[in-house]
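Peer 1: First the structure, which I've put down as structure tokens, then a few questions once you've had a look.
The values are calculated or read from the model by the stated rules, or taken from the named source; none is laboratory data. Everything numeric in this text was worked out from a predicted model, so none of it was measured. Using ideal geometry, Cβ is built from the backbone for each residue, glycine included, and neighbour counts are taken over all protein chains shown.
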């Protein structure tokens, strides 16, 4: 099955190979990079890592550990800020263990 992509050029086959090509395309890579630059700008002290994997393009913003993120929610707030929400979204408090 072939399908036109709005605003795109040409056709992409919607099978395993077509999806892989789409996820690893330059357009997707640049879109991810553009979005993650906004996240990085909202998260001081973070680093951005760009990767080309066999099946898809990946752009990662990281700061600290998963433990730090669970306690501070800084990355979650940066993601909200990057989408223009200005930090209106908040994390739901996690229940305390044993109580």
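Peer 1: Considering only residues that are modelled with pLDDT of 75 or more, over 16 Å from residue 35 (Cα atoms) and in contact with a helix residue (DSSP H, G or I) (Cβ under 8 Å, 6 or more places away or on another chain), which ones fall in segment 69-99?
Peer 2: Result: 74, single match.
Peer 1: Now, a different point. Of all residues in segment 19-42, count the ones that are touching a helix residue (DSSP H, G or I) at 6+ places or on another chain (Cβ under 8 Å), at pLDDT 85 or above and not in a helix (DSSP H, G or I).
Peer 2: Total meeting the criteria: 0.
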